[in-house]
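Below: the structure, in structure tokens.
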Amino acid sequence: MSQILPRDYWKMFEPKLLTVLREGYSAADFRRDLVAGITVAVVALPLAMALAIASGTTPEKGLHTAIIAGFLISAFGGSRVQIGGPTAAFIPVVFVVIEKFGYGGLILCTLLAGLMLIGAGLMRLGTLMKYMPQPVITGFTAGIAVSIFSSQVKDALGLRMGAVPAEFFERWRALLSHFDTAQLAPIFITGLGLLLIGVLRHYRPNWPSFLIALLACTLSALAFSLPVETIGSKFGDLPSALPGFDFPRIPFERTFELLPSSFTIAFLAGVESLLSAVVADGMTGGRHRSNGELVAQGVANVGSALFGGLPATGAIARTATNIRSGGRTPVAGMLHAGFLLVFMLLLAPLMRYIPLAALAAVLLVVAWNMSEVENFRNTMSAPKGDRLVLLLTFFLTVFFDLTVAIQAGIVVAAFVFMFRMAEAVEVSSGVRIIDDDLQNTDPARAADANQRAQLPKGVEAYQISGPLFFGAANRLDNLLDQFLAPPKVFILRMRLVPVIDASGVHALKKLAERCERKGIVLVISGLQEQPNRVIANMQLAHHAGEVRFASDFEHAVRLARAIADHPVTERSAAD
């Protein structure tokens, strides 16, 4: 990364709230943020409870997370309109952590993930998140959607069974063995919720469909005395009090066991928050501070853990709702957290009547939205490598473990990238069909195609095209083996090499040493800025055989002619 001044470095982490206040915050701005804040709070209320229950904990944990983390993300974040809180992406990993390590293990995971995010932001890794392979994101997002769907089957159908296993095959084995216990009342509530959400989204897209469906399902269950499980019957009354420090026993001795899950939480929080910020930029025309956003996400997750909450990140749907409702500053997100707190304090006694089947309907819609079926289908039309990454990440997410899926997806995507880049690197003698095709339209390529016509006797020239990195460096190994008789001078044209790494320089050194053993003078021509700098820093000319450097091909040909006519034995320095 480029060097920056300390003042500019710390500027990257300045909260957008300070920027807004410095620019001036009017009463009209506050009115818009007030409307947006209450609108987003209405949308977030049912989601926070549903996400907490699906994660294997109690509904108030989701509300506490939305309040604490939502406020901190808006107050310290690098986006003007980001809305933070618990999201569906965390459900599989949180469920597994709680099952294996208890809620104390989740607190430790969330703390570690928060610290990782702060560290990532301070190291300016936020700018690298944009390079996350899209097939990996699509694959694990679709896999999470399948996991969420399977986790809601029990409540949606009202199956009479115990706790649902976390492992996919075990879960479905348990669900199928209890299918005969499905009840009509929960199925009716789930169907009613799905129908209302679908109709409202089609005909009244600006209405809070989740909340309206939740209210309708709750009133229907009460009016007809339907035998359905509710929040109150399963969890008891929700506490109508301010969130406080809630530290269960934290198994610090199992920190190393929890590191993979912590990394997964940090990774999901970082990727989802920055994706949400990018979407928000597109909707508002603004520009977020990616590294500052990562630091804010880290602070929010640490804060959520200290109050016994869940992992949190920027939520794309809630952020978009904030923008559509008129929110344009971080104050809207802070007000959203404040309204959620008011709702919890005032409505906690009433929330006990909400049917779990209604919350299941909400999460089934969330799972469908996350699946991105159209995006998945489009990616399946991509090249084979992308399809492999997509399917590998998807199946590992569903059948094995989200942490393994992300790691394997990124590794395989890296290998696919290396293969493609290696394929793109052409080592040629200048006679290529594509050059002949472009001869009339691209004079530079036409000149490359005719390079052999300019060569003196005893001189050979080859051209490298594309990045010379560790995936393509071995292409230089057999260059000299193509000659029946070794030339006096070998010109290696690198005008079309934009980037080189240590492996590329090492391959050049080996080539130079082989040239020296065969009595060949190596001339490297046309180095671009980055390769020239790297080669100079790694002292190629001092460690290899006899190497000359030329600014361009014409210069290289003149130099080669002089060497061929008057051979020298002393090693030369770079021109």
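The values are calculated or read from the model by the stated rules, or taken from the named source; none is laboratory data. Here the structure is a predicted model, which means the values were calculated and not measured. Neighbour counts run over all protein chains shown; Cβ positions are idealised from the backbone, glycine included.
Quick look at the values:
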read-out	value
Residue list for region 369-390, restricted to those being crowded, with 16+ Cβ neighbours inside 10 Å and farther than 14 Å from Gln134 by Cβ	Met370, Ser371
Long-range neighbours under 6 Å by Cβ, at least six apart or interchain, first residue within 25 Å of His566 (Cβ to Cβ) within region 495-521, second acidic (Asp, Glu)	Glu516/Glu546; Val521/Glu546
Yes/no for Leu306 being more than 18 Å from Glu14 (Cβ to Cβ), touching a Lys or Arg at 6+ places or on another chain (Cβ under 8 Å) and assigned by TED's automatic domain parsing to the domain that holds Phe210	no
When residues of region 213-225 are limited to those that are surrounded by fewer than 18 Cβ atoms within 10 Å (Cβ to Cβ) and of a type outside the set (Gly, Ala, Ser), the one farthest from Val40 (Cα to Cα)	Phe224
Of all residues making up region 145-190, the number that are closer than 12 Å to Ala54 by Cα, outside any loop (DSSP other than H, G, I, E, B) and of a type in the set (Val, Ile, Thr)	2
Whichever residue in region 76-118 is more than 23 Å from the chain's Cα centre (by Cα) and small (Gly, Ala, Ser) and, among such residues, is nearest to Val278 (Cα to Cα)	Gly105
So Gly104, is it part of a helix (DSSP H, G or I) and in contact with a Lys or Arg (Cβ under 6 Å, 6 or more places away or on another chain)	yes
Positions within region 227-266 being in a loop (DSSP other than H, G, I, E, B), at pLDDT 85 or above and either of a type in the set (D, E, K, R) or crowded, with 18+ Cβ neighbours inside 10 Å (or both), in sequence order	Val228, Glu229
